[in-house]
1. Residue by residue through region 172-184, note down the ones that are near the ligand (Cβ under 9 Å from one of its atoms), open to solvent by 10 Å² or more (accessible area, probe 1.4 Å) and closer than 15 Å to residue 204 by Cα.
2. Let me confirm something: among 91, 104, which residue is in contact (Cβ under 8 Å) with a residue 24 or more places away in the chain and touching a His at 6+ places or on another chain (Cβ under 9 Å)?
3. Would you be able to say whether some residue in region 166-177 is acidic (Asp, Glu) and more than 27 Å from residue 71 (Cβ to Cβ)?
4. Which condition from (1) free of Cβ contacts under 8 Å to residues at least 40 places away in the same chain; (2) among the hydroxyl-bearing types (Ser, Thr, Tyr); (3) touching a Leu at 6+ places or on another chain (Cβ under 9 Å) is the one that residue 223 breaks?
5. Given 201, 123, 219, which one is within 11 Å of the ligand (Cβ to nearest atom), in contact with a strand residue (DSSP E or B) (Cβ under 8 Å, 6 or more places away or on another chain), under 23 Å from residue 85 (Cα atoms) and among the hydrophobic types (A, V, I, L, M, F, W, C)?
6. Name the one entry in 114, 74 that is of a type in the set (Val, Ile, Thr), under 13 Å from the mean Cα position of the chain (by Cα) and either more than 28 Å from residue 48 (Cα to Cα) or more than 16 Å from the ligand (Cβ to nearest atom) (or both).
7. Scan (1) open to solvent by 70 Å² or more (accessible area, probe 1.4 Å); (2) outside any strand (DSSP E or B); (3) of a type outside the set (D, E, K, R) for the single condition residue 191 breaks and write down its number.
8. From (1) at pLDDT 95 or above; (2) more than 8 Å from the ligand (Cβ to nearest atom), pick out the condition that doesn't hold for residue 187.
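The values are calculated or read from the model by the stated rules, or taken from the named source; none is laboratory data. Since this is a predicted model, take the numbers as computed values, not measurements. Cβ atoms come from the backbone with ideal geometry, glycine included; neighbour counts cover every protein chain shown. What goes into the accessible areas is simple: the full protein's heavy atoms, side chains included, and nothing from ligands, DNA or RNA. Shrake-Rupley method; radii C 1.70, N 1.55, O 1.52, S 1.80 Å.
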Amino acid sequence: MQRLDKFLCDSGAGTRSQVKLILKAGRVAVDGKRETDGSRKIDPDSQKITLDGEVLGGKYRAVFLMNKPAGYVTATEDPREPTVMELLPQDIRYLDLKPVGRLDKATEGLLLFTNDGDLLHRLISPKNQVPKVYYARHEGQAGEEDVRAFRDGLVLGDGTRCLSAKLEPLGPGESRITICEGKYHQVRRMMASRNMTVLYLERRQEGPLSLGELPRGSLRQLTDQEIQELVQL
Ligand code: URA
């Protein structure tokens, strides 16, 4: 933690006396709220400090985990459908979060949001092999041949080649599927290619993160330790 006025000086906002005037004029905000008290203690790694709306320090990285409900498309805007952005509370909209990858409108479960473009690209790149675990209810029953076909890398109807994936039958009409990429409708298309139409799909894990007890439609901010684990993937 450090004093806000010292942070402003160190970030090049001005000299000590200029910073005093800048604060007095109400040009500085901490996490979106105007702040005029230079003695206030702030943490530039976890708080967003702006001068005239411009982020200072450039270090603030926000990552949130949502339990997405069905009925919302994963997009920052859509002319027809409700988007996952509408589920973000008003008081964090200033963070400029973007969804990490995509869940279909009907799919529920773990969806990350971040304002860190590098982290976002690392998490969605198939090169980084971040495993994503899904629970599916589906028609038919998965057997040993399906498990092998997933492991060997499925080729979908349109010729799309999938990386090796893990299919774990859980019982009649229920399976756990782990994939390391995120092609369009991938799990539904992989299951359909084995004659198992998906009836319900939920993402339960992404890399080291799980849905846990987070209620459907809710959001929580990742801890510093969780963010470090993601950054090191
Ligand atoms: N695979 C799908 O088919 N849908 C999703 O939403 C995610 C993975």
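1. Result: 182, single match.
2. After ruling out the rest, the residue left standing is 104.
3. Let us first name the residues in region 166-177 that are acidic (Asp, Glu), namely 168, 174.
Restricting the remaining residues to those that are more than 27 Å from residue 71 (Cβ to Cβ) gives 168.
The answer is yes; a qualifying residue exists.
4. Condition not satisfied by residue 223: (3).
5. 201
6. From the options 114, 74, the qualifying one is 114.
7. In the conditions (1) open to solvent by 70 Å² or more (accessible area, probe 1.4 Å); (2) outside any strand (DSSP E or B); (3) of a type outside the set (D, E, K, R), residue 191 misses (1) alone.
8. (2)
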